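Read through the structure below, which is laid out as structure tokens, and then see the notes.
No lab work stands behind these numbers, since they all come straight from the coordinates. Bear in mind the structure is a predicted one, so any value in this text is a computation, not a measurement. Positions of Cβ are backbone-derived with ideal geometry, glycine not excepted, and every protein chain shown enters the neighbour counts.
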Amino acid sequence: MGLEIERKFLVKGDFKQYAYKQEAIVQGYLSSVPERTVRIRIKGEKAYLTIKGTSNASGLSRYEWEKQIPVKDARELIKLCEPGIIDKIRYYIKNGNYTFEVDEFHGENEGLVMAEIELSDEADTFEKPDWLGLEVTGDKRYYNSYLSQKPYTKW
């Protein structure tokens, strides 16, 4: 099992001009309980089964296990997911030694744009682009599993 270290931010400005790639993502949750989320994701032409554990006290780190699965299987598994499918476009933006993944949500989470950056260590530093807004790392409302149950448009 690997350790995922990431920080999350709201996006406050134009970021799309900096993206070198984008892809559609559809995902659902077989389990959205915080102790063990089990996610099915179709990202572009690939699909994944991901299991995540509870975040640490800072909200920066949590255990993550991910396995690529056939897209056909993912489409079938999404039918078994809890209500609340996440639909978004992900933009990839290089920033120094890191890449920001900026998610523009659609459907019931329309209007939410959030950036994530995966780090090697919790103490890593990085340059913050002008379009990066308020940090929401550790705020459970911005976890995709939470958004699938309590969509942004209903806050």
**Request:** Read through the labelled values [x] 9.5; [y] 11.4; [z] 8.9 and report the label of the one computed as mean projected area of the Cα convex hull in nm² from the structure.
**Result:** [z]
**Request:** Any chance you could check the Cα centroid distance between the range 74-108 and the range 126-149 for me, in angstrom?
**Result:** 13
**Message:** Between Lys94 and Glu66, how high is the FRET efficiency from 1/(1 + (r/R0)^6) when r is the Cβ-Cβ distance and R₀ = 25 Å? Nearest 0.05.
**Reply:** 0.65
**Request:** Run the quick spin-label model on Ala123 and Asp139: label points 7 Å from Cα toward the beta carbon, then report their separation in nm to one decimal.
**Result:** 2.8
**17 Å Cα-Cα reach of Lys8 towards lysines, excluding residues that sit fewer than 8 places from it in its own chain** = Lys52, Lys88, Lys94, Lys128, Lys140
**Message:** Relative contact order of the range 51-136, please, whole-number percent, based on alpha carbon pairs below 8 angstrom and at least 6 residues apart.
**Reply:** 17
**Request:** Work through the residues other than Glu101 whose Cβ is under 13 Å from its Cβ and net out their charges, Lys, Arg +1 and Asp, Glu -1.
**Result:** +1
**Item:** the chain, relative contact order in percent, only Cα pairs under 8 angstrom and at least six apart counted
**Value:** 31
